[in-house]
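Here the structure comes first, spelled out in structure tokens, and everything after it is commentary.
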Amino acid sequence: DGGITQSPKYLFRKEGQNVTLSCEQNLNHDAMYWYRQDPGQGLRLIYYSQIVNDFQKGDIAEGYSVSREKKESFPLTVTSAQKNPTAFYLCASSITPSRGDTQYFGPGTRLTVL
Amino acid sequence: GEDVEQSLFLSVREGDSSVINCTYTDSSSTYLYWYKQEPGAGLQLLTYIFSNMDMKQDQRLTVLLNKKDKHLSLRIADTQTGDSAIYFCAESIEGGADGLTFGKGTHLIIQP
């Protein structure tokens, strides 16, 4: 089955700890994206990557970091510098980074900071 | 600047048609999307429309685009309980390769 997987589904973290969210796709898509969703809010772009070994900041990159060492993987690290990390995190991918290429989403990871 | 606006809630009776509305401000939008999100899940692409089109129909779904007024709507015919979800409108900006701009989502509530 082709698709996007995110793990874990639920994640709990103590304040001051870094945590890494996994995103894997086997669709052979070039572009990958991370979004954050808060209750009653739309999705806000954290980071995106158009190609392996390259990534750019989105609208709310502060307190987050990413890597893109492999085409199929785009992990997101939520660092202790992120002031309000409790949220639902969604990963997406598209065939190319070009405008109009449909983005397909994973099932999401819900992060709760205790 | 880019902004996508949607009303937060819509309540309809089962079997009626649902019409979810969206307005956007960026005149250079090239594609407009409708995504569906069920509780605790990711986003599922429902349909999309290119900005030089007026209408697109796909089974129970009809998308209407008024480019002059920057207004997009999604009509769901014969609404069922399984249609209960949050519906997001999103736009892709011409030349943009940096993700989509989303509205805050419309909660569709189905009354029996």
Exactly one of these conditions fails for A:S94: (1) within 11 Å of chain B (Cβ to nearest Cβ); (2) surrounded by fewer than 20 Cβ atoms within 10 Å (Cβ to Cβ); (3) of a type outside the set (F, W, Y). Give me its number.
(2)
Have a look at B:Q57, B:Q44, B:Q80, B:Q37 and point out the one that is touching a Lys or Arg at 6+ places or on another chain (Cβ under 7 Å) and not aromatic (F, W, Y).
B:Q44
Does the range A:40-57 contain any residue that is under 18 Å from A:F12 (Cβ atoms) and either among the small types (G, A, S) or in contact (Cβ under 8 Å) with a residue 40 or more places away in the chain (or both)?
no
Test each condition in (1) outside any strand (DSSP E or B); (2) over 14 Å from the mean Cα position of the chain (by Cα); (3) within 30 Å of A:R110 (Cβ to Cβ) for B:S27 and report the one that comes out false.
(3)
Being open to solvent by less than 10 Å² (accessible area, probe 1.4 Å) and either of a type in the set (V, I, T) or out of contact with any His (no Cβ under 8 Å at 6 or more places or on another chain) (or both) is the filter here, so list the residues in the range B:15-29 that pass it.
B:S18, B:I20, B:S29
Would you confirm, using the coordinates I've provided, whether A:S49 is more than 21 Å from B:Y33 (Cβ to Cβ), within 12 Å of the chain's Cα centre (by Cα) and among the small types (G, A, S)?
no
Inspect all residues belonging to the range A:58-79 and state whether any of them is hydroxyl-bearing (S, T, Y), open to solvent by 60 Å² or more (accessible area, probe 1.4 Å), farther than 21 Å from B:A41 by Cα and over 12 Å from the mean Cα position of the chain (by Cα).
no
Subset of the range A:29-55 [under 21 Å from B:D3 (Cα atoms), assigned to a strand (DSSP E or B) and either touching a Ser or Thr at 6+ places or on another chain (Cβ under 9 Å) or hydrophobic (A, V, I, L, M, F, W, C) (or both)]:
A:Y33, A:W34, A:L43, A:L45, A:I46, A:Y47
Just one of A:Y104, A:Y35, A:Y48 is at the interface with another protein chain (Cβ under 8 Å from one of its Cβ atoms), of a type in the set (F, W, Y) and in contact with a Lys or Arg (Cβ under 8 Å, 6 or more places away or on another chain); which is it?
A:Y35
Report whether or not A:V113 is away from chain B (no Cβ under 14 Å) and either open to solvent by less than 20 Å² (accessible area, probe 1.4 Å) or touching a residue at least 12 places away in the same chain (Cβ under 8 Å) (or both).
yes
Among strands (runs of 3 or more DSSP E) entirely within the range B:50-103, at least 1 residues that are away from chain A (no Cβ under 14 Å) occur in B:55-58, B:61-66, B:71-76
Among the residues listed as A:Q17, A:Q82, the single one being part of a loop (DSSP other than H, G, I, E, B), without any contact (Cβ under 8 Å) to a residue 24 or more places away in the chain, of a type outside the set (D, E, K, R) and more than 14 Å from chain B (Cβ to nearest Cβ)
A:Q82
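The values are calculated or read from the model by the stated rules, or taken from the named source; none is laboratory data. Just so you know, these numbers come straight off a predicted model, no measurement behind them. Reconstructed Cβ throughout: ideal geometry from the backbone, glycine too, with neighbour counts over all protein chains shown. Quick note on the areas: whole protein, heavy atoms, side chains included, nothing else; ligands and nucleic acids left out. Shrake-Rupley method; radii C 1.70, N 1.55, O 1.52, S 1.80 Å.
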